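Peer 1: What follows is a structure written as structure tokens; I'll ask about it next.
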Ligand SMILES: [Zn+2]
């Protein structure tokens, strides 16, 4: 468990912030992670950390919450 996407493995990257006077300062880029409930391929539901690009690409199936009143009718 870290700052990593559970689907593609994207993690923290590092590099330099370069100012106008060309001073170099170390900095990091974090992935745009979201903690979501997902339906895994074997059918189980788990909370996983997924980056926004995996979410928009449809690599994960979100668990859809069904309201109790609607579940009783079906
Ligand atoms: Zn990802």
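The values are calculated or read from the model by the stated rules, or taken from the named source; none is laboratory data. No experiment lies behind these values; they were computed from the predicted model shown. For neighbour counting, all protein chains shown are included, and Cβ atoms are generated from backbone atoms with ideal geometry for every residue, glycine included.
Peer 1: Please work out which one of (1) modelled with pLDDT under 95; (2) surrounded by 10 or more Cβ atoms within 10 Å (Cβ to Cβ); (3) away from the ligand (no atom under 16 Å from the Cβ) is the condition residue 62 fails and give its number.
Peer 2: Result: residue 62 passes all but (3).
Peer 1: Just to check your reading of the model, which residue among 14, 35 is loosely packed, with under 12 Cβ neighbours inside 10 Å, within 16 Å of the ligand (Cβ to nearest atom) and in a strand (DSSP E or B)?
Peer 2: Working: 14 fails: within 16 Å of the ligand (Cβ to nearest atom).
On inspection, the qualifying residue turns out to be 35.
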